[in-house]
1. For a test of the definition: using alpha carbon positions, the gyration tensor, and the 1.5 limit on a/c, classify region 84-178 as rounded, prolate or oblate.
2. Show D112, D142 ordered by accessible area, largest first, where the area counts protein heavy atoms only and the probe is 1.4 Å.
3. Subtracting the Cα-Cα distance from 0.36 nm times the residue separation, let me have the gained length for I158 to L105 in nm, one decimal.
4. Greater than 23 Å separation of Cα atoms is the criterion. Which listed pairs, K13/K177; K13/K180; K134/K181, meet it?
5. Say R0 is 30 Å: what FRET efficiency, to the nearest 0.05, do D39 and E166 get from their beta-carbon distance?
6. By average Cβ neighbour count within 10 Å, what is the ranking of 123-132, 163-172 from highest down?
7. How far apart, in nm, are the 7 Å Cα→Cβ label points at E83 and F149?
8. Can you sort T50, T186 by 1.4 Å-probe accessible area, starting with the largest?
Amino acid sequence: MFSQNLAWEMVEKYRNLKIGGKTIVCPYFTNHIGKAFLDAMRDGGLDIETARKVIAQFNERRYPIAWWRGKGTPEQIVEATEEIAKIEGVDLAKAGGQSVREFMLLHGLGVDCSGFVYNVLSFAGAKFVLPVNKASAATFADVSVKINFKEAGGGDLILIRRFSGEYSHIALILEEKGLKKIVQSTAMLAPVG
């Protein structure tokens, strides 16, 4: 059974990551990091075939410290941030809040729109057939029923399409004190309510 209170609790966890003694708003994860990562490896001297193998390993979550590919829970994102900082010798306690956030962005740590919606709904009691790493606006659209916004309530989804018809974004409606609120993770707005 879906719980508004639990949904809001998870939203607040994404908005209040505790890292290095600071409170950080979880950054947005861009799903297009793979190309930039591939370019960086090639620029660093790796041949294209090796670079593609590294990307394949990364995409299959075989990377030794899970970057979560935009689908992590707040706890997983904090753990990955701390682990990467430890490996790189970065003391997050000595860094300012904006520096910690930039460190996370540099390392592709954050949550995308579908990972955010999936994890908020899951924490709030929703059950899914697909695992979180398969979540996307398109997969949510495949199992959703279109309703009028006036009929929408807490736990309903907002799916956005590009002009091409491709689903490109997902947000979630939650209710608070009788008001409908849209919560989402976007490049411009990290998880917000």
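The values are calculated or read from the model by the stated rules, or taken from the named source; none is laboratory data. If you're wondering where the values come from, they're calculated on a predicted model, not measured in any experiment. Don't worry about glycine lacking a Cβ; one is built from the backbone with ideal geometry, like all the others, and counts go over all protein chains shown. The accessibility values were calculated without ligands, DNA or RNA, using every heavy atom of the protein model including side chains. Shrake-Rupley method; radii C 1.70, N 1.55, O 1.52, S 1.80 Å.
1. On the way: a/c = 2.35, a/b = 2.00, b/c = 1.18.
It is prolate, given that a/c is not under 1.5 and a/b is the larger ratio.
2. Details: D112 0, D142 130 Å².
Ranked from most to least accessible, the order is D142, D112.
3. 16.5 nm
4. Details: K13/K177 20 Å; K13/K180 20 Å; K134/K181 26 Å.
Violating the 23 Å limit, Cα to Cα: K134/K181.
5. Numbers: r = 24 Å, r/R0 = 0.80.
Calculated value: 0.80.
6. Values: 123-132: 13.5, 163-172: 15.2.
Sorting 123-132, 163-172 by mean packing, highest first, produces 163-172, 123-132.
7. So the label points at E83 and F149 sit 4.1 nm apart.
8. On the way: T50 50, T186 25 Å².
Largest accessible area first, the residues go T50, T186.
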